[in-house]
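These notes are about the structure you will find just below.
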Amino acid sequence: EDRAAEAATNGGLTFEQTVLAKRAAAKLRSKATKLVQLKKKHEEERRAQEEELKRTRLKELQEVNLDLEEQESLDQVLANDLDELKELHQREMLALNILNERKREMQLQALEKSFDDRRDEITLGALEEELD
């Protein structure tokens, strides 16, 4: 507008040309303003998309972290269960060893009794023969 007014005062433009120049300048300013607004809007949308992407990524990372924590917790539970099973196995093996030892003792006692019975029979038989 300033240029148009300056040109009109300098006598370079007619009144109509000045009015047209002012209108053209106003349209250019309007379009420039709209362009600036569109750029701002585009920038805001881009920032909003970036923020949404950040939130989504953070949420995904938190879920992965939770999954890892759950897996670590499950691993710990399984490790504890394994330790308990090992302890149970050791107790069972100890009990089995004790049972086997008692079985051997009973077999040995049975053999000793059998030996003693046979010795007594032989001794008794020898005494009977002496008496006869």
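Please determine whether any residue of the range 71-85 is without any contact (Cβ under 8 Å) to a residue 40 or more places away in the chain and in contact with a Leu (Cβ under 9 Å, 6 or more places away or on another chain). No, the conditions are met nowhere in the range 71-85.
Would you confirm whether any residue within the range 119-132 is open to solvent by 100 Å² or more (accessible area, probe 1.4 Å) and either among the small types (G, A, S) or not in a helix (DSSP H, G or I) (or both)? Scanning the range 119-132 turns up at least one residue that is open to solvent by 100 Å² or more (accessible area, probe 1.4 Å) and either among the small types (G, A, S) or not in a helix (DSSP H, G or I) (or both).
Checked against (1) open to solvent by less than 100 Å² (accessible area, probe 1.4 Å); (2) modelled with pLDDT under 95, E72 meets all criteria but (1).
Check L61, L28, L38 and return the single one that is open to solvent by less than 100 Å² (accessible area, probe 1.4 Å) and either within 48 Å of the chain's Cα centre (by Cα) or hydrophobic (A, V, I, L, M, F, W, C) (or both). Let's see the steps before the verdict.
On the way: L28 fails: open to solvent by less than 100 Å² (accessible area, probe 1.4 Å); L38 fails: open to solvent by less than 100 Å² (accessible area, probe 1.4 Å).
Selected residue: L61, the only one of L61, L28, L38 that is open to solvent by less than 100 Å² (accessible area, probe 1.4 Å) and either within 48 Å of the chain's Cα centre (by Cα) or hydrophobic (A, V, I, L, M, F, W, C) (or both).
Taking E92, is it modelled with pLDDT of 95 or more and of a type outside the set (G, A, S)? For E92, the condition - modelled with pLDDT of 95 or more and of a type outside the set (G, A, S) - is met.
The values are calculated or read from the model by the stated rules, or taken from the named source; none is laboratory data. Please read all numbers here as calculations on a predicted model, not as lab measurements. Neighbour counts are summed over all protein chains in view; Cβ atoms, including those assigned to glycine, are modelled from backbone coordinates with ideal geometry. Heavy atoms of the whole protein, side chains included, go into the accessibility calculation; ligands, DNA and RNA do not. Shrake-Rupley method; radii C 1.70, N 1.55, O 1.52, S 1.80 Å.
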